[in-house]
Amino acid sequence: MNSDVIIIGGGLMGASCALQLSMRGLQCIVLEKDSPGRHASGANAGGLRQLNRDPAEIPLTVEAAKMWRNIEALVDSDCDARFPGQIRLAENKQDLAKLQQRADLVTQLGYHHEEMIGEDELYQLVPTLTPGCVGGLICRQDGYGRPYHTLTAFRRKAESLGAQFISDAKVQSIQQQGESWQINTDQERYSGGVLLNCAGAWANQIAEQLDETVPLEPRALMLMVTERLPHFVDPVLGAASRKLSFKQMQNGTVIIGGAQIAKLDFAREHTEIDWPTMVECAKTVLRFFPQLGDVRIVRAWAGIEAIMPDNIPVIDASQTFANAYHAFGFSAHGYQLSPIIGRIMAGLITDGKTDFPLHPFRINRFQTENA
Amino acid sequence: MKNKHYPLLIIGGGPAGLSAAALAAEHGLACALIDEQAEPGGQIYRAIESIPEPHAKLLGSEYQRGKGLAQAFRNSSADYLPETRVWSLNADLQIGATRQDQAYMLSAERIIIASGAMERPVPFPGWTLPGVMQAGAGQILFKTAGLVPDNGVVLAGSGPLLLLLAWQYLHAGVEIKALLDVTPLGNHLTALPKLPKALLAHHYLTKGIAYQIDLKRAGVPMYLGVSDLKAEGDEKLQTVQFKHRGKTKTLESELLLTHFGVIPQIALTEAAGCRHDWDGNQQCWRPQHDDWGKTSIEKLWIAGDGAGINGARSAEHAGRLAALDVLQSLKLIAVEKRDQLSKKDRQWMLADRHIRPFLEAYFQLPKSLLTVPQDDTVVCRCEEISAGEIRAQVNNGHDNSNQLKYFTRCGMGPCQGRQCSNAVAHIVADCSGKNIPETGLFRGRPPIAPLTLKQLAAMDVEEQT
């Protein structure tokens, strides 16, 4: 099969790129080795967070936030997105100082989405929080959505514009012949003028085929979800000096994470929950909400993510081949960025440029440092 | 907590687990048996050590057989960890368990899962109404507390246990308002060729016939070939509606006990990541295993009804076969010794299983029941997802159980899909035109038994090996 662009990876990034490219009239084929959203895109915590991102990501995350506000216009679904804000909790003066420093940095960069709040406002926003916290850093426009619904909405919209998603098509080899990419999968052969690598935790294997080596590490981050509870908290909560991600969803369940790592058998694509590690997570939750002691954990799981050494993605054109591009390595915080990544990649591919500063995300940044 | 690492851990205290533990201990292997209940017996021999004599008699001679198994286990050197719930099991043979509110981790060199069977959940209109229960729940109340329904009961469904429960209730003086058998009448014909072999295990047949004669004699109204079963009522059950010989009938009742056969309890093998197959004859998923019970995961065995339904007697033998293979794998006995010691169990087991092909064909449930044809029937009780919602998403392209789960939340509630996974498989296959094996089984997610945040936070991880 032939098309303008071959996208490898049927996750959220691949779907968003397919959508934006289709909107610009390009034919896209998305090759997915499993089923769309099988790993990180379907199994992440769904955080829509601008708060506390790497400074390099701030221009992207702020623009993405605008797109999320209007996501229904883009994909005909609200993706169950809600915007009750996200807060990083301060438990003491040291925490406050740390968060203040962050707030100052954001301001210096010319942005205003993150601001400090004091104890009074914190307890107004989260009255059920255990007493003793002293304030926090808030991004009022932040929130959360439902990952698999989001992926499906992006995919459906892209498909309605002509994109094709092929499941169970594992890439075996990639070759450039003249102006065209030849991609052999375990199903059939696909060809296209442009190659886009959105293969997540497997993206380094694709990059390798283009003679580009990246120090990507696949990791599975654990999440757990509780039984449904009466509504008790609005904003998504993190903590200045503890590993925590805590949010109550629309249906009353609470999703708890904190970047704890599952045991991963990458070859088998199999993850195992490491319960002794989750003990810390449960302790942290009870530190802030002791009233949740008797709440049942309904499910724990882990999605396989691509983690980069500097925790920011690769968003770049290939340095070795023309007409090849990369967007991967979102290091467990790609969900919120997904709409803008599609726009950026479509811009790079169709116009050869973008308005966003992509220098920090170049693919050869690791080699440069080593050289 | 005591010893946290065992050469062999056995999960489940029914016939398979008890006989496996007794045999392994007899050969000097330090093993422990974990079980949810306070005393040995499992579901089939529940309360076998404590039941008052008159009740035990009512439950019949097959039930009494459990006494010998429990005794042999008690007399063995195997450790016993009762009232312990396993909430996690992984491929590295690490177990998360809770006893008396205390969560802890255990590990083993080898594990035999003897998780047994569960009643097949079959969604039908009104099945979630208070007053509609599975027959097994009725049996538990009878075995543990001698409780029987006061105001009569309608029994509905299919399979040997339904008949057995009706017979037990009859002798306990319970008013049986009707027995509604949904087994399709055509099954008589399809099962017929399998009858000669079944006669080799004829005691099962004669018993079934004896139950039927007793029930008829007592004047219990029995309806065969029933369809369109429906439970109705505001807030709780008031009437049971069904179709019999083309006519719709309605019975008043406060209690409807249903039973649609049993299927393997696969939560543990799913959690560990074992491969499972769809068993078309038994209409359920079951873990892959070799003829010693070894699963697709190294060092993990399955024995008894959890491996595929073959009944309590067969489970005893399967438990011993698994234990022998474990002993061999640990080099405690030689291959020849294992084979020699297994001969009798294998013969008995085969003989006992002669009845199975006939039973499976005779009690095949009709597609019209399993595919939940009424759109407004709730399939996932936890998340309140209806058959219609599932069908809509299958038609929308989500023709795989796991995608469907992500999308509808069906199977994501506290029961972890245990109640709905079979129905989902039937609906997805029926609606998409795929074969059931292609629709995929829900991926198991721990915890598979209740675990609270407090229990997890207080879990002792220092001593973990």
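Every number here is computed from the coordinates shown, using simple stated rules; none is lab data. Being a predicted model, the structure only gives us computed values, none of them experimental. Backbone-built Cβ (ideal geometry, glycine too); neighbour counts: all protein chains shown.
Which FRET efficiency value, to the nearest 0.05, is calculated for residue B:250 and residue A:268 with the Förster distance at 45 angstrom and r the Cβ-Cβ distance?
0.25
Kindly state, as a whole number, the per residue volume in cubic angstrom of the convex hull around the alpha carbon atoms of the range B:371-439.
65
Can you tell which of B:421, B:393, B:96 lies farthest toward the positive end of the dipole of chain B, using +1 and -1 charges on the Cβ of basic and acidic side chains (Lys, Arg; Asp, Glu)?
Selected residue: B:421.
Please report, to one decimal in angstroms, the Kirkwood hydrodynamic radius of chain B built from all distinct Cα-Cα pairs.
23.0 Å is the Kirkwood radius here.
Over all alpha-carbon pairs in the range B:121-260, figure out the percentage whose distance exceeds 23 Å.
When all Cα pairs of the range B:121-260 are counted, 35 percent exceed 23 Å.
Can you give the local net charge around residue A:165? Use residues other than it whose beta-carbon is closer than 15 angstrom to its beta-carbon, Lys and Arg +1, Asp and Glu -1.
0
Antiparallel DSSP bridges in the range B:121-260: what percent, to the nearest 5?
Just about 40 percent of them are antiparallel.
To make sure I understand the rule: partners must be aspartates and glutamates, Cα under 15 Å from the Cα of residue A:353, and not fewer than 8 residues away in the same chain. Which ones qualify?
Straight-distance partners of residue A:353: A:316.
Report, in debye and to the nearest 20, how large the dipole of the range A:151-286 comes out about its Cα centre when Lys and Arg carry +1 and Asp and Glu carry -1 on their Cβ.
Rounded to the nearest 20 debye, it is 640 debye.
Once you average over the residues of B:90-99, how many Cβ atoms of partner chains fall within 10 Å of each Cβ?
2
Which distance in nm do the two modelled labels at residue A:116 and residue A:134 give, with both placed 7 Å along the Cα-to-Cβ direction?
Each label point lies 7 Å from its Cα, and together they span 1.1 nm.
If the chain between residue B:57 and residue B:347 were fully stretched, how many nm would it gain, using 0.36 nm times the residue separation less the Cα-Cα distance?
101.5 nm
With the crude spin-label approximation of a point 7 Å out along Cα→Cβ, what separation in nm comes out for residue A:354 versus residue A:123?
Distance between the two pseudo-spin positions: 4.5 nm.
What is the average number of partner chain Cβ atoms found within 10 Å of a Cβ in B:405-415?
4
When you count, for each residue, the other Cβ atoms within 10 Å and take the mean per peptide, how do B:443-449, A:264-270, A:174-180 rank with the highest first?
Per-residue Cβ counts within 10 Å, averaged per peptide and sorted highest first, yield B:443-449, A:264-270, A:174-180.
In µm²/s, what is D for chain A at 37 °C and 0.692 mPa s, where D = kT/(6 pi eta Rh) by Stokes-Einstein and Rh is the Kirkwood radius from Cα pairs?
155
At a 10 angstrom cut-off on C-beta neighbours, averaged per residue, how do the peptides B:202-208, B:239-245, B:102-108 rank from highest to lowest?
Packing proxy ranking, top to bottom: B:102-108, B:239-245, B:202-208.
For B:127, B:348, what ranking results if the residue with the fewest other Cβ atoms within 10 Å of its Cβ goes first?
So the residues, fewest neighbours to most, are B:348, B:127.
Would you please give the FRET efficiency between residue B:218 and residue B:77, computed as 1/(1 + (r/R0)^6) with r the Cβ-Cβ distance and R0 = 41 Å, to the nearest 0.05?
0.30
Send over the Kirkwood Rh of the range B:306-456, from the inverse of the averaged 1/r over different Cα pairs, rounded to one decimal Å.
Result for the range B:306-456 stands at 18.5 Å.
What is the local net charge at residue B:11, summed over the other residues whose Cβ is closer than 14 Å to its Cβ (Lys, Arg +1; Asp, Glu -1)?
Combined, the nearby Lys, Arg, Asp and Glu give -2.
Helix A:58-69 versus the longest principal axis of chain A: what is the Cα-based angle in degrees, 0 to 90, to the nearest 10?
Helix A:58-69 and the main axis of chain A meet at about 80 degrees.
Using amide H atoms built 1.01 Å from N in the peptide plane, name the residues 5+ places from residue B:285, or on other chains, whose amide H lies under 5 Å from its own.
Counting only residues 5 or more places away or on other chains, the set is B:279.
For the pairs B:243/B:434; A:243/B:4; A:283/B:4; B:4/B:331; B:67/B:367, flag any whose C-alpha to C-alpha distance is greater than 32 Å.
The pairs that break the limit, which is 32 Å between Cα atoms, are B:67/B:367.
Express in % the proportion of alpha carbon pairs of the protein assembly as shown at distances exceeding 48 Å.
Counting pairs separated by more than 48 Å, the tail of P(r) holds 29 percent.
Would you calculate the convex hull of the Cα atoms in the range A:1-94 and tell me its volume per residue in Å³?
Roughly 149 Å³ of hull volume per residue.
Between residue A:259 and residue A:70, 0.36 nm times their residue separation minus their Cα-Cα distance comes to what?
Length gained between residue A:259 and residue A:70: 65.2 nm.
Just name one of B:112, A:318, B:260: the one whose Cα is farthest towards the positive end of the charge dipole of the protein assembly as shown (beta-carbon charges, Lys/Arg +1, Asp/Glu -1).
Checked the options; the winner is B:260.
Which distance in nm do the two modelled labels at residue A:24 and residue A:104 give, with both placed 7 Å along the Cα-to-Cβ direction?
Simple spin-label model gives 4.1 nm for this pair.
Restricting to bridges with both residues inside the protein assembly as shown, how much of the DSSP beta-bridge set is antiparallel, in percent to the nearest 5?
60
At a threshold of 8 angstrom on Cα-Cα distance, excluding pairs fewer than six apart, so keeping six or more, what relative contact order does the range A:230-371 reach in percent?
It rounds to 14 percent for the range A:230-371.
Could you list B:407, A:321, B:260, A:154 in order of exposure, starting from the residue whose Cβ has the fewest other Cβ atoms within 10 Å?
A:321, B:407, B:260, A:154
Which ³J(HN,Hα) values in Hz, rounded to whole numbers, follow from the phi angles of the range A:201-218 under the Karplus curve 6.51 cos²θ - 1.76 cosθ + 1.60, where θ = phi - 60° and Gly and Pro get x?
Once rounded to whole Hz, the list reads 5, 9, 5, 5, 5, 5, 4, 4, 5, 9, 6, 10, 9, 10, x, 7, 10, x.
Give me the net charge for the shell around residue A:143: Cβ to Cβ below 13 angstrom, other residues only, Lys and Arg +1, Asp and Glu -1.
+2
Residue by residue through the range B:127-133, which ³J(HN,Hα) values in whole Hz follow from phi under the Karplus form 6.51 cos²θ - 1.76 cosθ + 1.60 (θ = phi - 60°), with glycine and proline marked x?
Listing the rounded values in order: 5, 8, 5, x, x, 10, 9 Hz.
Based on the mean of other Cβ atoms within 10 Å per residue, sort peptides B:128-141, B:376-389, A:196-209 so the most packed one is first.
The most tightly packed comes first, giving A:196-209, B:376-389, B:128-141.
Per residue of A:297-307, what is the mean number of Cβ atoms on other protein chains within 10 angstrom of that residue's Cβ?
Whole-number average of other-chain Cβ neighbours for A:297-307 is 4.
Using the charge dipole of the protein assembly as shown (Lys, Arg: +1 at Cβ; Asp, Glu: -1 at Cβ; taken about the Cα centre), state which of B:436, A:229, A:337 has its Cα farthest towards the positive end.
B:436
Would you list which aspartates and glutamates come within 19 Å of residue B:216, measuring only between C-alpha atoms, while excluding same-chain residues fewer than 8 positions from it?
Output for residue B:216: B:175, B:181.
Note down the magnitude of the dipole of chain A about its Cα centre, charges +1 on Lys and Arg C-beta and -1 on Asp and Glu C-beta and zero elsewhere, to the nearest 20 debye.
540
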